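The values are calculated or read from the model by the stated rules, or taken from the named source; none is laboratory data. Model, not experiment: these values are computed from the prediction. Neighbour counts run over all protein chains shown; Cβ positions are idealised from the backbone, glycine included. Heavy atoms of the whole protein, side chains included, go into the accessibility calculation; ligands, DNA and RNA do not. Shrake-Rupley method; radii C 1.70, N 1.55, O 1.52, S 1.80 Å.
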Amino acid sequence: MAANLFLLAVLTITTTFSLAIASDPSPLQDFCVGVKMSPVFVNGLVCEDPKLAKPEDFFFAGLDKPGNTSNPLGSMVTPVFAGQLPGLNTLGISLARIDFEPYGLNPPHTHPRATEILTVLEGSLYVGFVTSNPGNRLFAKVLRKGDVFVFPQGLVHFQLNSGEGDAVAIAALSSQNPGVITVANAVFGAKPPILDDVLAKAFKLDKKTVDWLQAQFWMDNN
Ligand SMILES: *[C@@H]1O[C@H](CO)[C@@H](O)[C@H](O)[C@H]1NC(C)=O
């Protein structure tokens, strides 16, 4: 009987107070325009005095301009995160423009703090994400202008321009500062380098190949 009451109490508590945190923590004021130069470390950026806030703090211009895709991957991410738009601080949302030259690739990467929803403005993209273990299922699709695809938080995903012309996409992310871990860069471009025994065994490669991979230039494209 006592055990049943306990279970009932637990059930009541969990259903009453169940909370889904699916983005950055909620703000505790209307806004908190971020100040970059602060000796204080907080979760996000320190707030500017709200009395000093101005429309420009909530504004960013230039997303009409294509990113420079003249790089080995043939893609460029133009972020509009809290670092570029200080009014985004504490609001749990951000935006990016992604440009692709023909066959340009936004290589496999994850955003540790954000789900991403993407729409294609021009061209077509082969996009996909892979689920976590067990399974590592691939969910992939070719997107055309106007199509929308969502990449769940933390999962490895990619976008490849599969068309003949340039491609442009806009992505919204559920964090003011989504972060990015590009898989190949993190693994083969870590500084200082990961011991090649680790990578040879993990990737079923001989150490020569690992050393060659580690000697490549790993560009951060976002
Ligand atoms: C684009 O990037 C390349 C390589 O960094 C550079 O040489 C070129 O001048 C850039 N183009 C523009 C328009 O900024």
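Work out the length of the dipole vector of region 182-222 about its Cα centre, built from +1 on the beta-carbon of each Lys and Arg and -1 on the beta-carbon of each Asp and Glu, and round it to the nearest 20 debye. Intermediate values should be presented prior to the final figure.
Numbers: 5 positive and 5 negative charges, 18 e Å.
With only Lys, Arg, Asp and Glu charged at Cβ, the dipole is about 80 debye.
Could you state the accessible area per residue of the chain in Å², with a 1.4 Å probe and every protein chain left in place?
62
Expressed as a whole percent, the accessible surface of the chain that belongs to carbon and sulfur atoms is 65, based on a 1.4 Å probe.
In units of 2.2 N^0.38 Å, what is the alpha-carbon radius of gyration of the chain?
Numbers: Rg = 21.3 Å, N = 222, 2.2 N^0.38 = 17.1 Å.
Compactness ratio reported: 1.24.
Taking a straight line from the alpha carbon of K201, these lysines sit under 29 Å away, with near neighbours fewer than eight places off in the same chain left out: K191. With a cut-off of 12 Å between beta carbons, the residues surrounding L88 carry a summed charge of -2, where Lys and Arg count +1 and Asp and Glu -1. In terms of Cα to Cα distance under 15 Å, which aspartates and glutamates are near enough to K207, apart from those fewer than 8 places away along the same chain? Once the sequence-local aspartates and glutamates are set aside, what remains near K207 is D196, D197. Take every pair of alpha-carbon atoms less than 8 Å apart whose residues are at least six positions apart; their mean separation over the length of the chain yields a relative contact order of 20 percent.
Separation of region 33-59 and region 150-222, taken as the distance between their Cα centroids, equals 31 angstrom.
Judged by the mean number of other Cβ atoms found within 10 Å, the most tightly packed of the peptides 113-119, 206-212, 70-76 leads the ranking 113-119, 70-76, 206-212.
Count charges around S175 for me, please; just the other residues with Cβ under 10 Å from its Cβ, Lys/Arg as +1, Asp/Glu as -1. Walk me through the intermediate numbers first.
Working: positive: R113; negative: D24, E116.
Once positives and negatives cancel, what remains is -1.
Only DSSP H runs of four or more residues enter the estimate; each adds -39500 (n - 2.57), and after division by the residues of the chain the mean residue ellipticity at 222 nm equals -5000 deg cm²/dmol.
Excluding F100 itself, calculate the net charge of residues whose Cβ lies under 12 Å from the Cβ of F100, where each Lys or Arg counts +1 and each Asp or Glu counts -1.
After counting each charged neighbour, the total is -4.
If you place +1 on the Cβ of every Lys and Arg and -1 on the Cβ of every Asp and Glu, how big does the dipole about the Cα centre of the chain come out, in debye to the nearest 20? Walk me through the numbers on the way to the answer.
Details: 15 positive and 19 negative charges, 104 e Å.
Charge dipole of the chain: 500 debye, to the nearest 20.
If you take the alpha carbon atoms of region 93-222 and fit the smallest convex hull around them, that volume is 115 Å³ per residue. Straight-line cross-link partners of K54 among the lysines, defined as a Cα under 28 Å from its Cα and at least 8 positions apart when in the same chain: K36, K65.
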